[in-house]
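This report concerns only the one structure given below.
The values are calculated or read from the model by the stated rules, or taken from the named source; none is laboratory data. Please read all numbers here as calculations on a predicted model, not as lab measurements. For neighbour counting, all protein chains shown are included, and Cβ atoms are generated from backbone atoms with ideal geometry for every residue, glycine included. These area figures cover heavy atoms from the full protein model, side chains too; ligands, DNA and RNA do not enter into them. Shrake-Rupley method; radii C 1.70, N 1.55, O 1.52, S 1.80 Å.
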Amino acid sequence: MLAVASALGGLLVLPGGARAQQQASPGTASSSGGSLSQDDIARMLPSTDMGANAARNADPHLAPVNDSPATPFDAAPIPHNPLAPDAQAIGAKTCVACHSLENVQASHSLHVASFRAGAANTGPQAACESCHGPGSEHAKNPTAPGSIIAFTHGSATTPQTQQEVCLGCHAGGARQHWIGSVHQERGLSCSDCHNPMARLSPEGVLAKPSINEVCATCHKDIMAKFNRRSHMPLPEGQMSCVDCHNPHGTLTRPLLKTDTVNETCYTCHAEKRGPFLFEHAPVRESCLNCHDPHGSNQQTLLVAPLPMLCQQCHTMTRHPNDLQVPTNLGNGSTPDERLMGRACLTCHTNIHGSNNPSGSRFHK
């Protein structure tokens, strides 16, 4: 046993040359206390939306920034208030003298804590004026509209000014298509969905506890569809609106995260992607021809019951030579065998496409 232990001990001890080579290799802990250098930390940190990178610097519409993993909080600019162009920064202590309640609510928030941590180079205007702009005019006349950048409905500050404040740090990334998006064109501002002054959600500084509740404040008609018989598992908490949509803007009008409706559906329903030997034209064109992605009172999110859905295209051709109506159902006055079971899908099972050599009618 002593011989075996000695042999194992010899394997675990590195030779002196190998140990020295390991210490000298880049990216490993230094020999003094095992601490990492600043270069090591910068290399390991992921890039963020706040920071600059090669893509941001290459965009002529964005201000160039240094190639660091993230913009330091002490570099947060003091936004310009067009309604108070001569205002000067007065410091957060002056703001707290009146806004003590807001100070208590926001002290634990990520934004305020970060700005205070970077106050060494930003100066006394850290935290409050990093978002609300210089406050000298507001301190002189607090009731004057527009004397400070306000993020509330009905304030004199325009949504464009509010957006510019947030995009001063959060430009690029998921928000690169915000300008020109349907939400931006409708006059929404960031504070309509987010509240950085309070912790109301687990993440994303949302104005409500969840993403779905935020979307439901405006899209009540869409949320009502999730109460129908067949629906996406959004009420059950298995997905959210942002699984398919990017509310900050995309290249599509419905704010899809992909280029087309079908590409969005294929992210989960990959078996419907194809390519197939025999394609079904309406399926290839758009999934919305047959399905309502939010909810339906028909089976499998169909926009109409079978076989009425099929007969929107296939009427008076081949064997469906008569229009099927509710009286042809099994409990109707003139039941038709083609409506029994799964209607058309009883025979045309592979309706999304077929790779069978005999599947031109989607039977196989």
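Can you tell me which residue among A117, A89 is open to solvent by 80 Å² or more (accessible area, probe 1.4 Å) and at pLDDT below 90?
A117
How many of the residues making up segment 242-271 are among the hydrophobic types (A, V, I, L, M, F, W, C) and in contact with a strand residue (DSSP E or B) (Cβ under 7 Å, 6 or more places away or on another chain)?
Adding up the residues that qualify gives 3.
Just a yes or no: is a residue in segment 195-204 open to solvent by 40 Å² or more (accessible area, probe 1.4 Å), outside any loop (DSSP other than H, G, I, E, B) and in contact with a helix residue (DSSP H, G or I) (Cβ under 7 Å, 6 or more places away or on another chain)?
no
Look at segment 225-277 and say how many of its residues are touching a Lys or Arg at 6+ places or on another chain (Cβ under 9 Å) and among the polar types (S, T, N, Q).
5
Those residues that are part of a loop (DSSP other than H, G, I, E, B), under 23 Å from H280 (Cβ atoms) and more than 39 Å from the chain's Cα centre (by Cα), I need them from segment 323-351; list them, please.
Step one: list which residues in segment 323-351 are part of a loop (DSSP other than H, G, I, E, B), which gives 323-325, 329-336, 340-342, 347-351.
Now restrict to residues that are under 23 Å from H280 (Cβ atoms): 323-324, 340-342, 347-351.
Passing the criteria: L323, Q324, M340, G341, C347.
Restricting to segment 205-222, count the residues that are under 16 Å from the mean Cα position of the chain (by Cα) and not in a helix (DSSP H, G or I).
The total comes to 6.
For residues in segment 308-322 being open to solvent by 80 Å² or more (accessible area, probe 1.4 Å) and outside any helix (DSSP H, G or I), which is modelled with the highest pLDDT?
Let us first name the residues in segment 308-322 that are open to solvent by 80 Å² or more (accessible area, probe 1.4 Å), namely 312-314, 316, 318-319, 321.
Filter once more, so that each one left must be outside any helix (DSSP H, G or I): 313-314, 316, 318-319, 321.
Values: C313: 88, H314: 85, M316: 70, R318: 70, H319: 73, N321: 63.
Among them, the one singled out is C313.
So that you can scan it fast, the table gives a plain yes or no per residue for (1) in contact with a His (Cβ under 9 Å, 6 or more places away or on another chain); (2) not basic (K, R):
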{"position": "F151", "(1), (2)": "yes, yes"}
{"position": "S155", "(1), (2)": "no, yes"}
{"position": "T161", "(1), (2)": "yes, yes"}
{"position": "R175", "(1), (2)": "yes, no"}
{"position": "H183", "(1), (2)": "yes, yes"}
{"position": "R186", "(1), (2)": "no, no"}
{"position": "C193", "(1), (2)": "yes, yes"}
{"position": "M197", "(1), (2)": "yes, yes"}
{"position": "E213", "(1), (2)": "no, yes"}
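Need a quick list: helices (runs of 4 or more DSSP H) entirely within segment 126-193 having at least 1 residues that are touching a helix residue (DSSP H, G or I) at 6+ places or on another chain (Cβ under 9 Å), open to solvent by 20 Å² or more (accessible area, probe 1.4 Å) and at pLDDT below 90.
Correct list: 128-132, 159-170.
Considering only segment 258-287, state which residues are of a type in the set (D, E, K, R), free of Cβ contacts under 8 Å to residues at least 60 places away in the same chain and either open to solvent by less than 80 Å² (accessible area, probe 1.4 Å) or in contact with an Asp or Glu (Cβ under 8 Å, 6 or more places away or on another chain) (or both).
If the condition is that a residue be of a type in the set (D, E, K, R), free of Cβ contacts under 8 Å to residues at least 60 places away in the same chain and either open to solvent by less than 80 Å² (accessible area, probe 1.4 Å) or in contact with an Asp or Glu (Cβ under 8 Å, 6 or more places away or on another chain) (or both), then E263 is the only one that fits.
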